[in-house]
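Working notes for the structure below.
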Amino acid sequence: MSAATKDFKIREFPVEENPKEHYLNAASGLKSWLFTVDHKRIGLMYLASIIFFFFVGGLLALALRLELWEPARTFMDADTYNRVFTLHGAVMVFLFIIPSIPAALGNFFLPMMLGAKDVAFPKLNLLSFWIYSFGALFTLYSIAHGGVDTGWTFYTPYSTSTGTAVISMTLGVFIMGFSSILTGINFIVTVHKMRAPGQTWGKLPLFIWSLYATAIIQVLATPVLAITLLLLIMERTLGVGIFDPALGGDPVLYQHFFWFYSHPAVYIMIVPAFGIISEIISTFSKKTIFGYWLIALSSLAIAFTGFLVWGHHMFVSGQSELSTIIFSFLTFFVGIPTGIKILNWVATMYKGSIDMKTPMLYAMMFLFLFSIGGFTGIMLGALSVNVHLHDTYYVVAHFHYVMMGGTVFAFLAGIHYWWPKMTGKMYNELWAKIASVVLFIGFNVTFLPQFVMGSQGMPRRYYSYIEQFQTLHQTSTVGSWVLGLGFIIVGIYLTISLFSKANKASSNPWGARALEWMSSSPPPHHNFNHTPVVLHNPYDFHKPISEFRLGIDGSDNHHEHTEVAQTQPAEKS
Amino acid sequence: MSSHEHHVIDLKYLLGAAAGLIILTILTVGASYVEIPRPFDLLTAMALAFGKATLVAAVFMGLIWDKKINTMALLFSLLFFFLMIGITLLDTLFRDRPFWIYN
Amino acid sequence: MLETINRLILPQVSSTFAADVDGLFTFINVASAIILLGITVAIIYFSVKYKRKSEDDVTPVIRYNTTLELTWTIIPLILILIVFAWGFRGHIDMRTPPSNAYEVYVTANSFFWQFTYPNGVQTTDELYVPAGRPVKLIMQSRDVIHSFFVPDFRVKQDVLPGRYTTAWFQTLGTGEHVIFCTEYCGSGHSDMDGMVYAIEPEEFDAWLREQKELSEQELPLAVLGQNLYQQQGCAGCHSLDGNVVIGPSFQGLYMDERQGADGSSRVADEDYLRESINNPGEFITSGFNNIMPGYSYLSEDQVSAIIEFIKEQQ
Amino acid sequence: MANINATPGESHLAHHFVDSEQQFDSSKLGMWIFLVTEVLFFGGLFVAYIVYRSWNPELFYMSAKELSTIMGAINTVVLIGSSLTIALAVRAAQLNQQANISRYLIATILLACVFLVIKYFEYTSKFAVGILPGELYTYTGIDHPGAPIFFSIYYMMTGLHGIHVIIGIGLMVYLLVKTRQGSYNAAYFTPVEITALYWHLVDLIWIFLFPLLYLIE
């Protein structure tokens, strides 16, 4: 369909600033949200759920840090502590970070950036949200029934022998896996089949490339998690014995199964963040992205390599020496495409016109924090050093630098970047910058000491510790309060921006070139009033913005499909 | 853009594929009664199974006439399955020889 | 200066391969710090130098630069290959115990370590080794996965149920070194620590003989029970002073009326205690979890000794 | 892109698609990607199978003897037949032969039921001698401590496959109802096509399960 652009009459359409009718007021009432098939509304519902679970996971984290103030008991006992860190991990991984960028921001912006009216399967998209909610209910149920104390990895045979609510928890994760798979299928098909006329693969925004790579991982890896958890449930109910040494099974095999999903899942968490950073750095440098193809293809390379390295979680697990060595060797090759990305982003800033607005500030923090996460990853990939650092706080600090310093900071960057588009409102720039600095300081104060502790040998998942570590633990705990404060500030000014009347956002406040900015803020029900036509690369900042607002003449979305207008009266205008 | 653009699979291909599948099934069962030394017994059975799978995918599922992307999707799933099994076997098959690589 | 920093962030060097691990640790840290500094300086410099002057700024179109991109593909590639080779070499040493190594069997239990020496002597949570001699640990778990970790030695190895895994080390001298369990194993995970005592080989031989003689002495039943209480790790979960650690305290346990989690109740007589030692899952007192491993491998005499010891805790 | 105006099949066109070709291709690609996830879902069990077989070749040899080759072979033929009939159903839809769609769908459903009935007899004959999954296993005829694991894998694989067969029957019954209502024709037969793809995959998996479980020498 893309080659056919020349058959049409193309003309520039003006963007309607501050439209009276948009997707937010196209219909009202709770039902219009819960049963919507509009990808934008589904994206917002995901966003709300994700923020809720981030809040829950964050409170659990604060509780953990507080408990570690004293070497022995501070305010909870060991069993409670074990449940709290398990829930913190499970909630943050399965309920927050995996759906965070793809399901919330991706759902909202993937069709818009492609110039499509919706994802390929809108009903499936809604179903996916419901499956996610249903799975989340199971998680809440297992919390109510005593929680789970296995750690989010559910390692056998501990998970098959402990008396806690492992089955309902794994069932919840199992169900949420289907949500992830359906979103992945939807995104892949949408990218393949729904691109606007003229939008070739070489003109896809890098956020789309990263979501596409993510979707591939979701589709290929998640079913293996499903079968793993199913086997685990069978192990607990029927004693099938595949993972249980007492019945002749092998617990290390469980770890292979688990990490076949969970290592690629790390890239489900971080690759979408790369996409956001590419968008933001290019936009706020007002400059063509450096090395477009290298960034785009490195996402796919990371996705692929990510499937070959799972065993680096198992260097001391008792797997064979042969696989330990091969896994270590392959692990380093994830570093190359990642390094390329970072350097290409820095190169994009060279000779740019840099505007250090909040999203850009977050992107810069991302570069710094994620680089640390990456370098410490190289450290953990080195075999002999890994033996010392494995399962210590060094690992904890490493993955928080990647997941929080990386993904969460990129997520914050994305929320600030697209906030005007999603809500039609601008937030307070000064407070946003203050909050970002508070978060940056809080984050480093929390997690830098953990690198030191880990190097000194402090094991992770410890309820009590030897006194030597107390100063570092207390520093880390103080840092966690600063982090909490930062998030409170973010919550306050974003909420205020929603309800204040004066701060309406323009359609393209940053002067970006990607398609989502060629629609009004907030966008109309069908994203664009006319089928958009793409002539240029989304990072062609040297071309006038008018050439990015092209559409097919006569493709007015309001009149094209009468049956839609009948079911949704708000459309009749 | 309507029906005439979808490939209607010729009846003779469908029936031919079905006949081929039955023959291969008989061969598979037959091979299991013949003494073939390990591991060639398993390899024979798997080769026959892959032959059958190819027939189903190519003819019944219409991959011969379909868009290439769909074939690629199937091949990709197989690639990743083989990666999974291959890399796992690097552990499970070589556990009792922990130091062989160093000697 | 690097040495000083290393001392601040790494534990003491107490085994033969610790120095090599620290060397690689330092190499990666220094290389990373240089690159990170470069990135940070570039970001800050660009942000200041190319700060937006007006909304109409025109930027050059630089789509790619093959030389540059090849440079930052190849240099990291070389660096990571160095890191891999170095880590690999160090790992070979860690995984290849000398054939003359002194062998100790290790049994991991929730939540204590048992060490069995070649002459049959057993210790709990305390590993005595001859200083300067290679020691090979042959490890197995009785329940879930544990992991044996001595930071000072840079040694770590998961301990699996149903299978032996091995680790080895050679100390550089005498000293005391803490052992951690680093694979999460339940309630008492963080209490599952121990000590390695590296002592002079002659001293070690004497200690081993002394322990052997002690274990062969005819002891009163309750004293034998007390020794078993320490050796078998009972002390990790069952206090003698009424405090609840992980399991019920032994104080006042004998002949106490126990309320079961299933609503039934039983009197803690000798039969009850015997069953609870051999097969703890049969009757769980309410308020406690079914996490104790069974001790059916103990001899009848040993069980009687423990029961006698419990009887004394009134 | 060429025709934004309505074509005959357009009443099934969802608002966000440009034309029915885009819609059909999207659905089909979506189904194929779903099949990818199915391959990897079963893939996990195949990995467990291969790992345990490589560890205990004798166990697999001894245990496979307990399974009925005849029943397995008949079921293979039954599934191949059902694959043919559903392919014919798609063909009938493409050629607008309404009555034939129903006829072939009914044939497919019947064959699927035959498969399940045979499976039922297989399972009950195993249950009768105490060959049950996991810790319920009580059979003493196989002199190998790992025998319960083989049958756990057997029940997991065939059970999961059986669940897929049942889901497939449900889908086809739905198709049959819709066909009777005249919902499918040469212009619109996407549900028939993608259900057929799903059913072929069920067949594909059985093609591998049969020699791996029943025919070990």
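The values are calculated or read from the model by the stated rules, or taken from the named source; none is laboratory data. These numbers come from a predicted model, not from an experiment. In this analysis, Cβ positions are derived from the backbone assuming ideal geometry, glycine residues included, and neighbour counts consider all displayed protein chains. Side chains included, ligands, DNA and RNA excluded: accessible areas come from the protein's heavy atoms. Shrake-Rupley method; radii C 1.70, N 1.55, O 1.52, S 1.80 Å.
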Checklist entry - Which one of the conditions (1) surrounded by fewer than 17 Cβ atoms within 10 Å (Cβ to Cβ); (2) in contact with a Lys or Arg (Cβ under 6 Å, 6 or more places away or on another chain); (3) of a type in the set (A, V, I, L, M, F, W, C) does B:Leu21 fail to meet, given that it meets all the rest? => result (1)
Item to check | Candidate set: segment A:421-430, residues that are of a type outside the set (D, E, K, R) and out of contact with any Phe, Trp or Tyr (no Cβ under 8 Å at 6 or more places or on another chain); chosen: the one surrounded by the most Cβ atoms within 10 Å (Cβ to Cβ) | outcome: A:Gly424
Checklist entry - Which of the following residues is within 30 Å of A:Ser323 (Cβ to Cβ), under 19 Å from the mean Cα position of the chain (by Cα), open to solvent by 10 Å² or more (accessible area, probe 1.4 Å) and away from chain C (no Cβ under 14 Å): A:Met234, A:Met176? => result A:Met176
Checklist entry - Can you spot a residue in segment D:155-173 that is farther than 30 Å from D:Tyr104 by Cα and either part of a helix (DSSP H, G or I) or among the aromatic types (Phe, Trp, Tyr) (or both)? => result yes
Item to check | Residues that are over 23 Å from the mean Cα position of the chain (by Cα) and either touching a residue at least 12 places away in the same chain (Cβ under 8 Å) or closer than 27 Å to C:Ala108 by Cβ (or both), drawn from segment C:242-258 | outcome: C:Asn243, C:Val244, C:Pro248, C:Ser249, C:Phe250, C:Gln251, C:Gly252, C:Leu253, C:Tyr254, C:Met255, C:Asp256, C:Arg258
Item to check | Residue list for segment C:283-314, filter: among the aromatic types (Phe, Trp, Tyr) and either buried (at least 16 other Cβ atoms within 10 Å of the Cβ) or touching a residue at least 12 places away in the same chain (Cβ under 8 Å) (or both) | outcome: C:Phe283, C:Phe288, C:Tyr295, C:Phe309
Next on the checklist: Condition (residue is assigned to a strand (DSSP E or B) and facing another protein chain (nearest Cβ under 9 Å)) applied to segment C:45-55: is it met by at least one residue?
Outcome noted: yes
Next on the checklist: Scan segment B:91-102 and tell me whether some residue there is free of Cβ contacts under 8 Å to residues at least 60 places away in the same chain, within 7 Å of another protein chain (Cβ to nearest Cβ), under 19 Å from the mean Cα position of the chain (by Cα) and surrounded by 13 or more Cβ atoms within 10 Å (Cβ to Cβ).
Outcome noted: no
Checklist entry - Looking at segment A:343-382, which of its residues are touching a residue at least 24 places away in the same chain (Cβ under 8 Å) and either over 24 Å from the mean Cα position of the chain (by Cα) or not in a helix (DSSP H, G or I) (or both)? => result A:Ala347, A:Met349, A:Tyr350, A:Lys351, A:Gly352, A:Ser353, A:Ile354, A:Asp355, A:Met356, A:Lys357, A:Ala382
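Could you identify the single residue in B:Val29, B:Val8 that is over 19 Å from the mean Cα position of the chain (by Cα), surrounded by 13 or more Cβ atoms within 10 Å (Cβ to Cβ) and either under 19 Å from D:Trp206 (Cβ atoms) or within 8 Å of another protein chain (Cβ to nearest Cβ) (or both)? Talk me through it step by step, then tell me what you get.
Numbers: B:Val29 fails: over 19 Å from the mean Cα position of the chain (by Cα).
Exactly one of B:Val29, B:Val8 is over 19 Å from the mean Cα position of the chain (by Cα), surrounded by 13 or more Cβ atoms within 10 Å (Cβ to Cβ) and either under 19 Å from D:Trp206 (Cβ atoms) or within 8 Å of another protein chain (Cβ to nearest Cβ) (or both), namely B:Val8.
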Checklist entry - Of the conditions (1) over 26 Å from C:Glu312 (Cα atoms); (2) of a type in the set (Lys, Arg); (3) assigned to a strand (DSSP E or B), C:Arg209 fails just one. Which one is it? => result (3)
Item to check | Where A:Ser278 falls short, out of the listed (1) open to solvent by less than 10 Å² (accessible area, probe 1.4 Å); (2) under 14 Å from A:His263 (Cβ atoms); (3) in contact (Cβ under 8 Å) with a residue 60 or more places away in the chain | outcome: (2)
Checklist entry - Just to be sure, is D:Gly9 outside any loop (DSSP other than H, G, I, E, B), more than 12 Å from chain A (Cβ to nearest Cβ) and either crowded, with 19+ Cβ neighbours inside 10 Å or at pLDDT 90 or above (or both)? => result yes
Next on the checklist: Among the residues in segment D:139-149, are any open to solvent by less than 30 Å² (accessible area, probe 1.4 Å), closer than 24 Å to A:Thr228 by Cα and more than 11 Å from every other protein chain (Cβ to nearest Cβ)?
Outcome noted: no
Checklist entry - In segment D:86-108, how many residues are β-branched (Val, Ile, Thr) and open to solvent by 20 Å² or more (accessible area, probe 1.4 Å)? => result 1
Item to check | Which numbered condition B:Asn70 fails, given (1) outside any loop (DSSP other than H, G, I, E, B); (2) more than 7 Å from chain D (Cβ to nearest Cβ); (3) surrounded by 17 or more Cβ atoms within 10 Å (Cβ to Cβ) | outcome: (2)
Checklist entry - Does A:Ala120 satisfy the criteria of being in contact (Cβ under 8 Å) with a residue 24 or more places away in the chain, touching a Lys or Arg at 6+ places or on another chain (Cβ under 7 Å), within 14 Å of chain D (Cβ to nearest Cβ) and not aromatic (Phe, Trp, Tyr)? => result yes
Item to check | A:Thr160 of a type in the set (S, T, N, Q), in contact with an Asp or Glu (Cβ under 8 Å, 6 or more places away or on another chain) and crowded, with 21+ Cβ neighbours inside 10 Å | outcome: yes
Checklist entry - Of the residues that sit in segment A:238-262 and are open to solvent by 10 Å² or more (accessible area, probe 1.4 Å) and assigned to a helix (DSSP H, G or I), which one is nearest to A:Met403 (Cα to Cα)? => result A:Trp259
Checklist entry - What about A:Asp38, is it acidic (Asp, Glu) and either closer than 30 Å to A:Ile552 by Cβ or touching a Lys or Arg at 6+ places or on another chain (Cβ under 8 Å) (or both)? => result yes
Checklist outcome for this item: Per the filter on segment D:113-138, residues touching a residue at least 40 places away in the same chain (Cβ under 8 Å), surrounded by 21 or more Cβ atoms within 10 Å (Cβ to Cβ) and within 24 Å of D:Val47 (Cα to Cα) are D:Ile131
Next on the checklist: Which pairs turn up if I take residues in segment D:171-192 that are within 14 Å of chain B (Cβ to nearest Cβ) and look for partners that are assigned to a loop (DSSP other than H, G, I, E, B) and open to solvent by 10 Å² or more (accessible area, probe 1.4 Å) with beta carbon separation below 6 Å, at least 6 apart in sequence or on another chain?
Outcome noted: D:Asn185/D:Asn96; D:Ala186/D:Asn96; D:Ala187/B:Ser2
Checklist entry - Are any residues in segment C:1-15 open to solvent by 60 Å² or more (accessible area, probe 1.4 Å) and either modelled with pLDDT of 95 or more or touching an Asp or Glu at 6+ places or on another chain (Cβ under 6 Å) (or both), and if so, which ones? => result C:Gln12
Item to check | Residue that is buried (at least 23 other Cβ atoms within 10 Å of the Cβ), within 7 Å of chain C (Cβ to nearest Cβ) and out of contact with any Lys or Arg (no Cβ under 9 Å at 6 or more places or on another chain), where the choices are A:Phe290, A:Phe332, A:Phe375, A:Phe366 | outcome: A:Phe332
Item to check | Residue satisfying condition, being touching a Gly at 6+ places or on another chain (Cβ under 6 Å) and either part of a helix (DSSP H, G or I) or away from chain A (no Cβ under 14 Å) (or both), within set D:Leu45, D:Leu59 | outcome: D:Leu59
